[in-house]
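Peer 1: Before I ask anything, here is the structure I am working with.
Each reported figure results from applying straightforward, stated rules to the coordinates on display, with no laboratory input. Computed from a predicted structure; not experimentally measured. Don't worry about glycine lacking a Cβ; one is built from the backbone with ideal geometry, like all the others, and counts go over all protein chains shown.
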Amino acid sequence: MSKLGNLGARLHRGEISYDFVGKRKIWYGVSILITITAIVGLAVRGLNMGIEFKGGAVFTTPTHMSTSVTQAENYAKDASGHEAIVQKLGNGSLRIQIAGIDTGQSDRIKQELAQDLKLNPEKLAADLVGPSWGQQIANKAWEGLGIFMVLVVIYLAIAFEWRMAIAALVALIHDITITTGIYALVGFEVTPGTVIGLLTILGYSLYDTVVVFDSLKEQTRDITKQTRWTYSDIANRSINGTLVRSINTTVVALLPVAGLLFIGGGFLGAGTLNDISLSLFVGLAAGAYSSIFIATPLVADLKEREPAMKALTKRVMAKRAQAAAEEDLAADRADDSEDAAPAVVGPRNQPASRTRGRGRPSGKRR
């Protein structure tokens, strides 16, 4: 068995564990700090909305263009008077996006761009995107997100309980906030592909959370009938029992996404892949983090407020205190018995001297 598999088996059996729930205040603090950073990024820099949401024109050149990205940006800015976003695609063509222009401006800009790029205007493809279409996409995305959240809360409240539904909802909001904040800080363009990526990561995040919740639900049946474990103890065991599984599934999912983001978008220059790959990469990592460090500890916090769980915690703590006191008493008695034992000087268990007869000294017989 591999070392990771052996570690997972020992975690599942409870032979070793890490106190995730006991250190939940640390995780809460880290999450709050990351979330505040993401919100500040959104407030200060804002999202770089793509042309699909703002409206404008997209010009695509033929393949194997010798013009650099910087030159194309300058040509587009001079022709339109607006900032342009230029991407070099994998086949060597250029994709030039100019936001905030209408149809009449698009025709004029196309002619000027073709002249600057030394192209036949007919070979410069132009697509005009209206802002109303982008607004419809944004509205549909918000509707889909709202419906998804409502269905998630209803399902988890029925399948598990309302506390788990609240914890899962907080984890999902946490993941979305961090992902959108990273987009604002990095400056990547937000496109319909980004929206698809955001909706996709919610499923991954919810999957990891439900796996831990299912284990927690199974282990906490008839929890009040025992006095060995508190609810937080069992929640911590559930996290440790599914830890390696969560890590494995997350790593397997991140590997192809990392290939899209770093190889496809970075080395191959396929900038359109960045739209969806960044949201998937950040969202998958944040989802795995929130399912371990946010959702389950938050459920434990909510459950420990119940009167039954408070009474259970008192019984468990009292039993543990009694067991510790008995161990200390036994140890003290053992120390006292050792101190009271008489000291033995000289060799012990020395055999008695042997004589040849009673009352007669040893020696030769006369």
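Peer 1: Around Asp102, under 15 Å between beta carbons, what's the net of Lys plus Arg minus Asp minus Glu among the other residues? Present the calculation step by step, with values, prior to reporting the outcome.
Peer 2: Details: positive: Lys54, Arg108, Lys110; negative: Asp107, Asp127.
Residues close to Asp102 contribute a combined charge of +1.
Peer 1: Moving on. Per residue of the range 208-216, in order, report the coupling 6.51 cos²θ - 1.76 cosθ + 1.60 (Karplus, θ = phi - 60°) as ³J(HN,Hα) in whole Hz, putting x for Gly and Pro.
Peer 2: 4, 5, 5, 4, 5, 4, 5, 5, 5
Peer 1: With a sphere of radius 14 Å drawn around the Cβ of Thr63, what net charge do the other residues whose Cβ falls strictly inside it have (Lys, Arg +1; Asp, Glu -1)?
Peer 2: Values: positive: Lys88, Arg95, Lys123; negative: none.
Its environment carries a net charge of +3.
Peer 1: Tell me, how many Å apart are the Cα centres for the range 159-238 and for the range 42-106?
Peer 2: When both Cα centres are located, 38 Å separates them.
Peer 1: Also, quick follow-up: Report, in listed order, any pair from Lys77/Lys110; Lys54/Lys118; Lys23/Lys314; Lys225/Lys310; Lys217/Lys319 with a Cα-Cα distance greater than 18 Å.
Peer 2: Exceeds cut-off: Lys54/Lys118; Lys23/Lys314; Lys217/Lys319.
Peer 1: Relative to 2.2 N^0.38 Å, what does the C-alpha radius of gyration of the range 38-137 come to as a ratio? Two decimals please. Intermediate values should be presented prior to the final figure.
Peer 2: Details: Rg = 14.3 Å, N = 100, 2.2 N^0.38 = 12.7 Å.
Compactness ratio reported: 1.13.
Peer 1: Where does each of 141-151, 190-200, 50-60 land if you order them by average Cβ count within 10 Å, highest first?
Peer 2: Those peptides, ordered most packed to least, come out 50-60, 190-200, 141-151.
Peer 1: Per residue of the range 292-305, in order, report the coupling 6.51 cos²θ - 1.76 cosθ + 1.60 (Karplus, θ = phi - 60°) as ³J(HN,Hα) in whole Hz, putting x for Gly and Pro.
Peer 2: Whole-Hz 3J(HN,Hα) from phi for the range 292-305: 8, 9, 10, 4, 5, x, 5, 4, 4, 4, 5, 5, 5, 7.
Peer 1: Moving on to the next point. Could you state the per residue volume, in Å³, of the convex hull enclosing the Cα atoms of the range 27-88?
Peer 2: 151 Å³
Peer 1: Moving to a separate point now. Please list 3J(HN,Hα) in residue order for the range 226-233, calculated via the Karplus relation 6.51 cos²θ - 1.76 cosθ + 1.60 where θ = phi - 60°; whole Hz, with x for glycine and proline.
Peer 2: 10, 10, 9, 10, 8, 5, 5, 4
Peer 1: Compute the whole-percent fraction of alpha carbon pairs in the range 145-184 spaced more than 10 Å apart.
Peer 2: It works out to 69 percent of all Cα pairs.
Peer 1: Follow-up question, since we're still on this one. For Lys303, give me every one of the aspartates and glutamates with a C-alpha distance below 19 angstrom, ignoring sequence neighbours fewer than eight places off in its own chain.
Peer 2: Answer for Lys303, where 19 Å is the Cα cut-off: Asp19, Glu161, Asp214, Glu218, Asp222, Asp233, listed by chain and number.
Peer 1: Label points 7 Å out from Cα along the Cβ direction at Ala125 and Lys25: separation in nm?
Peer 2: 5.9 nm
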